[in-house]
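The values are calculated or read from the model by the stated rules, or taken from the named source; none is laboratory data. Bear in mind that the values here come from a model prediction, so they are computed numbers and not experimental data. All Cβ positions, glycine included, derive from the backbone under ideal geometry; neighbour counts span all protein chains shown. Ligands, DNA and RNA are stripped out before the accessible areas are found, and what is left, the full protein with its side chains, is counted by its heavy atoms. Shrake-Rupley method; radii C 1.70, N 1.55, O 1.52, S 1.80 Å.
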Amino acid sequence: MLHINVIAVGKLKEAFWAQACAEYLKRLSPFAAVSVIEIPDVDPARVGGEAKAVEAESEGVLKALKPTTFAILLDIGGKLVSSETIAQKLDDLALEGKTDIAFIIGGSCGVDARVRARADAAWSFGRITLPHNLARVVLLEQVYRAFKINRGEPYHK
């Protein structure tokens, strides 16, 4: 069984975001062990600027990754992926025996070069900027959709 972690900087503050994520986590439970690891976001004003905040948040992201984890950074500049591409990649990783996968959603100022270097792939859901809360919901929905595609089930259409 795949173990998927969503490593996200920041907490879901509004109940509707938390409810949407909870719904997709419930839907995913028959297919994979999926969990969310929230890394505290850092106020740039309290640490001496954006660079220091990104450094601190990135440190938290790196600590959450095991050495064997296949890490996918969600990044506006990453490779554009379709639902079918996500499904195929998850299937390929499972066939290769890579059952520990993490998706990384950085903070509002992004991630630093260490996280980018650690990532095995960088994906984009499009050239638009999504609020981080919405990106988390979209990611969980797309992972759910990927499992449905791989099983030939009707949700995809």
Exercise. When the stretch 32-51 is examined, which residues are found to be surrounded by 14 or more Cβ atoms within 10 Å (Cβ to Cβ) and out of contact with any Lys or Arg (no Cβ under 8 Å at 6 or more places or on another chain)?
Worked result: ALA32, VAL34, ILE37, ILE39, VAL47, GLU50
Seminar exercise, completed: Selection from the stretch 14-35 of residues outside any helix (DSSP H, G or I), in contact (Cβ under 8 Å) with a residue 60 or more places away in the chain and not aliphatic (A, V, I, L, M) yields GLU14, PHE31
Problem set entry | Residues that are open to solvent by 40 Å² or more (accessible area, probe 1.4 Å) and among the charged types (D, E, K, R), drawn from the stretch 128-145 | ARG145
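If only one of VAL81, VAL54, VAL47 is of a type outside the set (Ser, Thr, Tyr) and touching a Cys at 6+ places or on another chain (Cβ under 7 Å), which one is it?
VAL54
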For this session: With the checklist (1) open to solvent by less than 40 Å² (accessible area, probe 1.4 Å); (2) of a type outside the set (Gly, Ala, Ser); (3) under 21 Å from SER29 (Cα atoms); (4) touching a residue at least 40 places away in the same chain (Cβ under 8 Å) in hand, flag the one item LYS148 doesn't pass.
Result: (4)
For this session: List every residue pair whose Cβ atoms sit under 6 Å apart, with the two residues 6 or more apart in sequence or on different chains, where the first one lies in the stretch 70-81 and is within 23 Å of HIS3 (Cβ to Cβ) and the second, anywhere, is at pLDDT 95 or above and part of a loop (DSSP other than H, G, I, E, B).
Result: PHE70/LYS98; PHE70/ASP120; ALA71/LEU65; ALA71/ALA119; ALA71/ASP120; LEU73/ALA119
Exercise. Which one of the conditions (1) of a type in the set (D, E, K, R); (2) surrounded by 18 or more Cβ atoms within 10 Å (Cβ to Cβ); (3) within 26 Å of TYR155 (Cα to Cα) does ASP91 fail to meet, given that it meets all the rest?
Worked result: (2)
For this session: Would you mention how many residues in the stretch 1-20 are open to solvent by less than 40 Å² (accessible area, probe 1.4 Å) and out of contact with any Lys or Arg (no Cβ under 6 Å at 6 or more places or on another chain)?
Result: 9
